[in-house]
Amino acid sequence: MRPTLIAGLAAILTVSSAAAEEVTLRAVSAFAEGTEFSKNFERFVEKVNADGKGLIKINYIGGPRAVPPFEVGNAVRTRVVDMANVTGAFYTNLMPEADGFKLNGKPMSEQRKNGTWEYMNQLHSQKLNSQYLARQFHNVPFHIYLNKKIDKIDFTGLKIRVTPVYRDVVEALGGAPITTAPGEVYTALERGVVDGYGWPITGIFDLGWEKVTKYRMEPPFYSVEVNVLVNLDAWKSLSDAQRKLLNDAALWLEGLDSEKEAVIKAERERQAAAGIQALDFGAAASQAFLARAYDVAWQSVIKRAPESGPKLRQLAGN
Ligand code: 173
């Protein structure tokens with residue numbers, strides 16, 4: 001070969017290997033783009049792409065139009081995607097104990113110190129072939145929303161839309177649970193297929209549910225958990241610098257939970273202004289409901305995951 005050609009080839013190789021240092025990860029969210037439980041993840045993607053220029057890039061494909069919510073866990077396990085923003089409630093088929101994550105409402109700073117993160121990471125590594133990068137929304141509770149007025153906390157005769165988050169407590173209180181993805185809630189309410197639904201305190205305006213919601217039952221219960229998972233093979237293929245960038249962004253993402261207190265207050269006011277009436281049965285009934293809600297949920301987790309269930313309960317401390 002002529003020296004110029006060799007020099008030329010060498011230049012091309014140098015350029016392409018420099019370019020290859022920037023890794024692209026494909027990511028999806030189990031929640032619709034731009035809605036409450038995708039928004040902070042989308043901010044995380046922006047941050048990684050800004051801070052990680054030349055090092056790592058997240059190609060955000062979007063929400064449930066890309067992968068149906070209940071299939072997102074399997075998509076990250078099999079590396080159909082490299083990264084996912086998804087609640088454990090959507091992958092209990094692969095990890096029955098994921099149903100217990102909602103019962104731990106401790107801040108992530110604490111969970112990272114007391115061994116919870118590590119244990120959760122181990123579970124995700126074993127059962128979801130994933131790195132447990134971050135958990136969001138520990139301070140956001142759930143509610144049961146209703147279209148039929150009740151005069152005590154009793155769901156007898158009511159059909160209630162659930163995911164694994166609410167199934168046990170709805171059944172324990174006499175309701176008939178009907179599982180749907182979030183994308184089907186509006187139609188189910190509009191057609192009267194269900195008389196109510198479980199959902200966090202935040203986010204009902206995103207999909208227009210205030211138009212088909214009359215009541216919100218008090219008290220709030222459990223803790224939302226939406227996790228950022230990275231396929232383990234993808235994770236292992238990253239350099240230390242790339243992993244550090246993701247870990248730093250993950251801590252930043254968990255820190256965004258501090259914004260939620262104000263958001264929750266505003267959301268309660270917005271619901272009231274939209275005509276959604278709070279059904280509050282007083283302190284004693286609320287206490288009894290909470291005790292029952294935690295009790296049936298732990299029983300169910302421990303029954304389905306006899307080894308990890310008790311360990312998760314011990315870590316949650318309730
Ligand atoms: O109600 C749901 O679809 C659900 O389980 C959930 C979990 C976390 C955040 C938002 C909704």
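The values are calculated or read from the model by the stated rules, or taken from the named source; none is laboratory data. Because the structure is a prediction, the values reported are computed rather than measured. Positions of Cβ are generated from backbone atoms using ideal geometry, with glycine treated the same way; all protein chains shown enter the neighbour counts. When the accessible area is computed, the model is the full protein with side chains, heavy atoms only, and any ligands, DNA or RNA have been set aside. Shrake-Rupley method; radii C 1.70, N 1.55, O 1.52, S 1.80 Å.
A few remarks follow.
- Charge dipole (debye, nearest 20) of the chain; +1 at Cβ of Lys and Arg, -1 at Cβ of Asp and Glu: 320 debye
- Label-point separation in nm, ALA288 to LEU251, each point 7 Å along Cα→Cβ: 4.7 nm
- For ARG26, residues with placed amide H under 5 Å, excluding near neighbours: ASN59, ASP82, MET83
- Computed about its Cα centre, the charge dipole of region 209-256 is approximately 180 debye, with only Lys, Arg, Asp and Glu carrying charge at their Cβ.
- Spatially proximal aspartates and glutamates relative to LYS152 (Cα-Cα < 20 Å; intrachain offsets below 8 disregarded): ASP168, GLU171, ASP195, GLU218, ASP280, ASP295
- Extension gain (nm, one decimal) between SER239 and VAL263, 0.36 nm per residue minus Cα-Cα: 5.0 nm
- Gyration tensor (alpha-carbon) shape descriptor, region 78-147, a/c threshold 1.5: oblate
- With a Förster radius of 45 Å applied to the beta-carbon distance between ASN318 and ASN59, the computed FRET efficiency rounds to 0.70.
- Think of region 123-204 as having a plus end and a minus end, set by charges on the Cβ of Lys, Arg, Asp and Glu; of VAL170, THR156, THR180, THR180 sits farthest toward the positive end of this dipole.
- Magnitude of the charge dipole for region 184-294, about its Cα centre and with charges confined to Cβ atoms of Lys, Arg (+1) and Asp, Glu (-1), is about 160 debye.
- Farthest toward positive dipole pole in the chain [+1 Lys/Arg, -1 Asp/Glu at C-beta], among GLY192, SER125, LEU251: SER125
- Length gained on full extension, PHE205 to THR156, computed as 0.36 nm times the residue gap minus the Cα-Cα distance: 14.9 nm.
- Mean-position separation - Cα centroids, region 136-207 and region 296-318, in angstrom: 23 Å
- Distance from the Cα centroid of region 210-234 to that of region 101-126 is 17 Å (rounded to whole angstrom).
- Cross-link table LYS47/LYS311; LYS106/LYS149; LYS149/LYS211, entries beyond 28 Å C-alpha to C-alpha: LYS47/LYS311; LYS106/LYS149
- Bridge type composition, the chain - antiparallel percent by DSSP, nearest 5: 50 percent
- Three-way shape label, region 27-85, alpha-carbon gyration tensor, a/c 1.5: oblate
- Overall form of region 199-256 per C-alpha gyration tensor (a/c, 1.5; a/b vs b/c): prolate
- By accessible area with a 1.4 Å probe, ligands and nucleic acids excluded, highest first: order of SER239, SER308: SER239, SER308
- Computed on protein heavy atoms with a 1.4 Å probe, the accessible areas place ASP168, ASP99 in the order ASP168, ASP99, largest first.
- Candidate lysines - alpha carbon under 17 Å from LYS236, same-chain residues fewer than 8 apart omitted: LYS57, LYS127, LYS244
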